[in-house]
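Chemist: Have a look at this one before I ask anything.
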Amino acid sequence: MAWLTPLFVLAVLAGSAIELWLGERQRSAVARHRGIVPQPFATSVSAAEHARAADYTIAKLRLGRIGLGVDTALVLGFTIGGGLAALDALWSRAHLAEPWLGLAVIASVALIARLVSLPLALWRTFGLEARFGFNRTTTALYLADLAKSLVLTIALGGPLLLATLLLMERAGRWWWLAAWLLWIAVMLVMAWAWPAFIAPLFNRFSPLADEALRQRIEALLERCGFTSRGVFVVDSSRRSSHGNAYFTGIGRHKRIVFFDTLLGTLGAGELEAVLAHELGHFRLRHVRKRLLVSVAAAFAGLAALGWLATQSGFYRALGVPTPSAHAALVLFVLVVPAFTFFITPLGSLWSRRHEFEADAFATRHASAAELAAALVKLHRDNASTLTPDPVYVAFYYSHPPPLVRITRLQEQARTV
């Protein structure tokens, strides 16, 4: 498999070059339209707000370029640069038996990657987000979140990783099938446990106090044939002024969650329209379809790993002289994104189609005009650019560009 080395390096460098090119296209398009508010937004977004959104977008792109360079260096450094092999050799001196040796090596890789990316994460929160007025996270809260995340990673990820390594070592050639079934079980348990036990470790979730709004939402749920365990408000304003809404949980344990910042921005009709859009994703089975794709992708990925783990050339081509279960896992996690990056536009296109379908569903159960007005406010208050580059949109955007989406909704509102 000597051919894998140049192919992998080419994929990494080509992917990085494409990302830089797309980022430059986006920066140029946003900067070029910085002083001109698109007509559908002219009465809702001021010139100053539009310019601020442009500056925010450009600042994020600049930080993204630095992050891309760091990620590229880490991937090449751990693989053909010999980083993983060096860690493996270092921990081998401790004479640890498997799977503990594998746990130590993988934990070291994860820790190094986290430490290297930490300065950028800190700058994103306390530099970029603060400069544009979004950050509300204190240093104490940031450190508390970091500590909780680390504890959860060890408590939840550690046993899963240990089980996977044991399966790879002792379950024979079909270990990957058992690992796939284990992954599905863990995913379902996490979907159930997240809203009830894990998310409350980071935020406070309170039942919606506005009785009139709650009744309006319950009427919408009934019209749409949707059941949930309640409507909650999360104290997201402790960390950021960005606004959003989402569903969480599975089956009858689904919850509707509004950011408290969103409640202060949108009116009752606008909130209803946003919720109707989210309900559309469930009623149109978008969530189920994406889940099935994830399950199928995990099956294919683990099957491929099951074969690659038996190929000594796979390790040598990527800078690891000694095959092992933990090396196969790390290499697979590092290498696969370099190749799947090129199918990103397909996933983005599929997602944008789902968003249009959910918008259409929302207009049948709520007001198209209210949804359009809500989206204008969300783009304005989140400083989202209104003038993205079309090629950048085609490659990355999971949602339709605001001008296209809101114009369509406004046209639908006029035909009612």
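Chemist: Rounded to the nearest 500 deg cm²/dmol, what is the calculated helix-only ellipticity per residue at 222 nm for the chain, with -39500 (n - 2.57) per DSSP H run of length n ≥ 4? Before the final figure, lay out each step's value.
Modeler: Working: 17 runs with 277 residues, N = 416.
Roughly -22000 deg cm²/dmol at 222 nm, from the helical runs in the chain.
Chemist: A further question on this structure: Can you give the FRET efficiency to the nearest 0.05 for Leu4 and Thr138, using r as the Cβ-Cβ distance and R₀ = 56 Å?
Modeler: Working: r = 47 Å, r/R0 = 0.84.
Approximately 0.75, to the nearest 0.05.
Chemist: Something else: Please compute one quarter of the surface area of the Cα convex hull for the range 54-144 and express it in square nanometres. All intermediate terms of the calculation are to be shown ahead of the outcome.
Modeler: Numbers: hull surface 30.2 nm².
In nm², the orientation-averaged hull projection of the range 54-144 is 7.6.
Chemist: Sorted from largest down, give the three principal axis spans of the alpha carbons of the range 282-360, whole angstrom values.
Modeler: 55, 20, 14
Chemist: Return the Rg/Rh value of the range 191-332, two decimal places, where both radii are evaluated on C-alpha atoms and Rh is the Kirkwood radius. It would help to have the intermediate numbers written out before the result.
Modeler: On the way: Rg = 21.5 Å, Rh = 18.2 Å.
With Rh from the inverse mean 1/r over Cα pairs, Rg/Rh is 1.18.
Chemist: Now, a different point. What ranking of His354, His33 emerges when the number of other C-beta atoms within 10 Å of each C-beta is taken as an exposure proxy, fewest first?
Modeler: Values: His354 20, His33 16.
Least crowded to most crowded, the residues run His33, His354.
Chemist: Which number gives the lysine pairs in the chain that have C-alpha atoms under 29 Å apart and are eight or more places apart or on different chains?
Modeler: Working: Lys60/Lys148; Lys60/Lys377; Lys148/Lys254; Lys254/Lys289; Lys254/Lys377.
Lysine pairs, 8 or more places apart or on different chains, close enough: 5.
Chemist: Hey, another quick one. Which number do you get for Rg(Cα) / (2.2 N^0.38 Å) in the range 355-397?
Modeler: On the way: Rg = 12.4 Å, N = 43, 2.2 N^0.38 = 9.2 Å.
In units of the globular-protein estimate, the range 355-397 measures up at 1.35.
Chemist: Stokes-Einstein diffusion coefficient for the range 269-416 at 25 °C in a medium of 0.890 mPa s, Rh from the Kirkwood formula over Cα pairs: what value in µm²/s?
Modeler: Working: Rh = 18.1 Å.
The estimated diffusion coefficient comes to 135 µm²/s.
Chemist: Another question about this same structure. Enumerate the helices in the chain for which the Kyte-Doolittle hydropathy averages 0.0 or more and the C-alpha atoms extend at least 24 Å along the helix's axis, using complete DSSP H runs.
Modeler: Length and hydropathy pass: 4-32, 47-78, 100-123, 175-193, 286-308.
All of the numbers you see were taken from the coordinates with simple rules; none came from a lab. Source: prediction; values computed, not measured. Cβ sites come from the backbone with ideal geometry, for glycine too, and all protein chains shown count toward neighbours.
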